[in-house]
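Inspection log for the structure reproduced underneath, given as structure tokens.
The values are calculated or read from the model by the stated rules, or taken from the named source; none is laboratory data. Being a predicted model, the structure only gives us computed values, none of them experimental. Ideal geometry is used to build each Cβ from the backbone, glycine not excepted, and the neighbour counts take in all protein chains shown.
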Amino acid sequence: MSEQAADTAVLVEERSFPPSPEFAAAANGTQDLFDRAGEDRLAFWAEQARRYVKWDKDFEEVLDWSDAPFAKWFVGGKLNACYNAVDRHVEAGIGDRVAFHFVGEPGDHEAVTYADMHVRVQRAANALIDLGLRAGDTVAIYMPNTPDAVAAMLACARIGAPHSVVFGGFSAEALRTRIDDVGAKLVITGDGLYRKGAPYALKPVVDEALASGETTVENVLVVQRTKQEIGWVEGRDHWWHEALEAADPTHEPEAFDSEHPLYILYTSGTTGKPKGILHTTGGYLTQAAFTNHVVHDIHPETDVYWCTADIGWVTGHSYTVYGPMTLGATQVIYEGTPDQPHKGRFWEIVQEHKVTILYTAPTAIRTFMKWGRDIPEQFDLSSLRLLGSVGEPINPEAWIWYRDVIGGGQTPVVDTWWQTETGAIMITPIPGVTAARPGSAQHPIPGVSALVVDDEGRPVERGSAGYLVVTEPWPSMLRGIWGDPQRFKDGYWSRFPGIYFAGDGARLDEDGNIWISGRIDDVMNVSGHRLSTAEVESALVSHAKVAEAAVVAASDEVTGQAICAFVILRQDAVEEADEVGEGAELVAELRNHVAHEIGSIAKPKKIMVVAELPKTRSGKIMRRLLRDVAEHRELGDVTTLADASVMNLISAGIASGK
Ligand code: PRX
């Protein structure tokens with residue numbers, strides 16, 4: 001057991017909340033699913049694939065694992081993901097069902113039906129073809145969280161062009177790295193979006209990203225949202241609404257191989273270079289729809305479901321776009337932040353649209369707790385019947401508050417563990433079956449084999465902590481890292497040969513529940529957003545005044561973890577800083593620099609200027625000690641330091657405010 005994993009293990013909570021008999025009786029997920037998956041895992045997944053997905057050509061083999069760890073699921077099958085998300089519902093006669101109740105931050109509303117979506121994706125697919133896009137070409141999407149962003153993703157899927165969505169908060173620099181890595185031929189963006197009460201420009205960021213050097217991008221499609229002034233490159237830039245209007249209104253979806261790439265989504269690993277996680281079509285769609293049905297318990301005829309994640313993250317991909325739309329669900333999609341124009345905005349939306357299922361992140365829940373229960377108590381939340389949590393460990397206190405204050409003390413709460421890499425939910429209570437344990441994601445879903453293992457890869461005893469692994473391939477698993485097969489093998493499959501290592505520490509309690517404690521590598525989780533320490537460090541050292549930087553994650557009551565940076569200044573910057581006494585200004589300058597390099601989600605909460613960093617004799621920075629400083633703890637073992645007096649210097653510098 002690593003020191004770090006033991007360190008971060010959460011306290012065990014004993015309370016248990018079984019589902020009510022009424023909930024269990026009507027629930028989609030039943031014990032029977034576990035039994036069937038236990039008898040024959042592959043037959044179970046084949047059953048789900050045929051139940052949830054419409055195939056143009058049925059598959060011949062469930063899993064081909066002969067080239068492990070590169071899996072092929074539902075081999076020989078052909079399908080179209082966009083057809084599954086849209087056309088099939090129109091064909092089934094439910095085209096007038098609302099797919100999205102869009103809520104813009106300034107208060108504008110739009111109800112978009114499946115039939116409306118059908119019109120939009122057909123025209124958009126033809127517009128992409130008119131711009132020269134073909135199956136296999138890649139498209140970068142950098143858009144506001146609106147139904148048009150969903151239509152853009154689905155139009156790509158419709159023509160077999162893998163999309164790579166980049167969260168609208170990432171900087172030009174971060175966008176460019178992703179565009180280059182994926183080789184995008186087209187960027188779909190918006191003029192801007194509304195966030196934090198004001199229009200926020202997107203298109204200028206795209207212009208900045210494309211300004212330097214040769215690019216693979218030939219065209220830019222721009223959705224009009226804020227109508228702000230933007231620059232325009234003739235021949236390259238096109239308005240989305242004009243392109244759609246000019247395009248042919250009908251488009252026949254083409255059937256693609258089950259393993260055809262659906263999307264690439266970048267996420268942070270342990271190095272400074274983000275990884276392009278590749279997902280393909282048949283297996284991904286199967287597990288996204290299956291879990292959305294049995295974990296979120298969506299009844300598409302009656303539920304109004306709201307996943308608050310932005311489509312820029314994997315949660316938006318699987319649980320706003322591909323899962324719920326394959327089920328034909330009605331959803332809310334919200335553009336903005338939870339405190340605009342007031343701190344009750346989420347609850348106002350729940351009340352107005354009679355949301356029945358809410359899926360959000362622990363950071364948001366802890367923020368609402370801080371704002372006080374009197375805010376949600378001003379709204380009618382009685383429509384809610386199920387609550388979900390994702391992205392970080394949820395502390396039992398926040399879990400209980402969520403259930404009591406938001407769920408009226410009645411609703412099941414599902415704490416769902418998964419990753420960009422896993423594509424869909426892997427560990428969670430099944431709400432009609434599992435007696436929920438606040439703070440624990442509990443058990444793998446039917447058909448998934450996850451374990452907590454020790455250093456040698458042996459399953460730990462109950463009551464012990466270790467590493468979280470997945471021992472069998474699963475349908476929505478990543479198929480690799482875009483352009484880097486070796487990094488895929490090394491990063492996930494080599495720590496325990498042949499077994500998927502998730503990078504998380506976990507604990508198995510006496511009752512067999514899994515408690516995820518968080519990352520045990522150099523990946524941070526800030527408000528449910530993944531960032532690597534190396535990424536932030538390299539942003540900091542790219543600033544002219546910084547000689548060296550070390551970044552650690554310190555626990556934070558609201559954001560789970562907060563970024564804490566220690567920097568050594570270059571000699572000339574030290575002298576300059578002394579002369580003009582610009583401590584606070586310098587820190588602000590460095591924070592803004594990180595925002596410019598990566599995006600504002602990566603701004604360190606705290607930056608401490610130090611004279612030295614603690615290093616081992618081999619020159620490795622001892623982050624463990626820096627975490628002790630950042631969390632105001634007594635220092636751990638310093639005997640492996642090359643120079644033990646460094647820590648005194650750091651502590652003294654921090655005490656004197658330097
Ligand atoms: O550390 C785990 C944490 O988030 C990581 C995955 O981050 P990302 O790929 O950005 O995907 C987030 C949305 C699925 C995991 O390695 N994590 C995610 N869900 C949970 C969690 N930690 C504890 N409990 C969870 N429910």
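Worth pointing out:
- Selection from region 297-329 of residues that are free of Cβ contacts under 8 Å to residues at least 40 places away in the same chain and outside any loop (DSSP other than H, G, I, E, B): 324
- The residue list 215, 226, 270 contains one member that is assigned by the TED database to the domain that holds residue 43, in contact (Cβ under 8 Å) with a residue 40 or more places away in the chain and not in a strand (DSSP E or B), which is 270.
- Residues in region 473-501 that are in contact (Cβ under 8 Å) with a residue 40 or more places away in the chain and within 12 Å of the ligand (Cβ to nearest atom): 4 in all.
Residue-by-condition table, conditions (1) among the acidic types (Asp, Glu); (2) closer than 22 Å to residue 128 by Cα; (3) surrounded by fewer than 23 Cβ atoms within 10 Å (Cβ to Cβ):
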| site | (1), (2), (3) |
| --- | --- |
| 209 | no, yes, no |
| 213 | no, no, yes |
| 217 | no, yes, yes |
| 237 | yes, yes, yes |
| 241 | no, yes, yes |
| 249 | no, yes, yes |
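- Filter result for the condition that a residue is over 29 Å from residue 649 (Cβ atoms), at pLDDT below 95 and touching an Asp or Glu at 6+ places or on another chain (Cβ under 6 Å), over 518, 503, 560: 560
- Identity of the residue in region 530-557, more than 16 Å from the ligand (Cβ to nearest atom) and either under 18 Å from the mean Cα position of the chain (by Cα) or hydroxyl-bearing (Ser, Thr, Tyr) (or both), that ends up surrounded by the fewest Cβ atoms within 10 Å (Cβ to Cβ): 542
- Residue in region 330-350 that is crowded, with 21+ Cβ neighbours inside 10 Å, assigned to a loop (DSSP other than H, G, I, E, B) and free of Cβ contacts under 8 Å to residues at least 60 places away in the same chain present: no
- Segments classed as helices (runs of 4 or more DSSP H), wholly inside region 1-93, with at least 2 members that are over 27 Å from the mean Cα position of the chain (by Cα) and at pLDDT 95 or above: 21-26, 31-39, 41-52, 88-91
Here's the yes/no breakdown for (1) more than 16 Å from the ligand (Cβ to nearest atom); (2) farther than 23 Å from residue 166 by Cβ; (3) among the aliphatic types (A, V, I, L, M):
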| residue | (1), (2), (3) |
| --- | --- |
| 231 | yes, no, no |
| 258 | yes, yes, no |
| 286 | yes, yes, no |
| 296 | no, yes, no |
| 302 | yes, yes, no |
| 319 | no, no, no |
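- The listed residue being free of Cβ contacts under 8 Å to residues at least 12 places away in the same chain and within 26 Å of the chain's Cα centre (by Cα), out of 101, 109, 163: 109
- If only residues of region 59-74 that are in contact with a Phe, Trp or Tyr (Cβ under 6 Å, 6 or more places away or on another chain) and of a type in the set (Phe, Trp, Tyr) are counted, the one that is surrounded by the most Cβ atoms within 10 Å (Cβ to Cβ) is 74.
- Here residue 517 meets each of (1) away from the ligand (no atom under 13 Å from the Cβ); (2) within 30 Å of residue 608 (Cα to Cα) with one exception, condition (1).
- For residue 241, the criteria (1) in a strand (DSSP E or B); (2) away from the ligand (no atom under 16 Å from the Cβ); (3) not acidic (Asp, Glu) hold in every case but one, which is (1).
- Residue in region 385-408 that is assigned by the TED database to the domain that holds residue 306, over 23 Å from residue 438 (Cα atoms) and in contact (Cβ under 8 Å) with a residue 12 or more places away in the chain present: no
- For the residues 544, 539, the requirement of being outside any loop (DSSP other than H, G, I, E, B) and either over 22 Å from residue 361 (Cβ atoms) or of a type outside the set (Asp, Glu) (or both) singles out 539.
- Taking region 424-437 as the range and being closer than 21 Å to residue 307 by Cβ, of a type outside the set (Ser, Thr, Tyr) and within 13 Å of the ligand (Cβ to nearest atom) as the test, the residues that pass are 424, 425, 426, 427, 429, 436.
- Residues of region 520-529 that are part of a strand (DSSP E or B) and more than 9 Å from the ligand (Cβ to nearest atom): 524, 526.
- A search for C-beta distances below 6 Å between a residue of region 509-532 that is over 22 Å from residue 466 (Cβ atoms) and any residue that is near the ligand (Cβ under 7 Å from one of its atoms) and outside any strand (DSSP E or B), counting only pairs 6+ apart in sequence or on different chains, returns 528/391; 528/392.
- Residues in region 393-411 that are surrounded by 22 or more Cβ atoms within 10 Å (Cβ to Cβ), within 15 Å of the ligand (Cβ to nearest atom) and assigned to a loop (DSSP other than H, G, I, E, B): 393, 394.
- Flag if residue 255 is in the same structural domain as residue 130 (by the TED database), crowded, with 19+ Cβ neighbours inside 10 Å, at pLDDT 95 or above and of a type in the set (A, V, I, L, M, F, W, C): no
- Here region 502-514 is the region considered, the condition is being of a type outside the set (A, V, I, L, M) and assigned to a strand (DSSP E or B), and the residue that is farthest from the ligand (Cβ to nearest atom) is 507.
- When residue 367 is tested against (1) in a helix (DSSP H, G or I); (2) β-branched (Val, Ile, Thr); (3) within 16 Å of the ligand (Cβ to nearest atom), exactly one condition is not met: (3).
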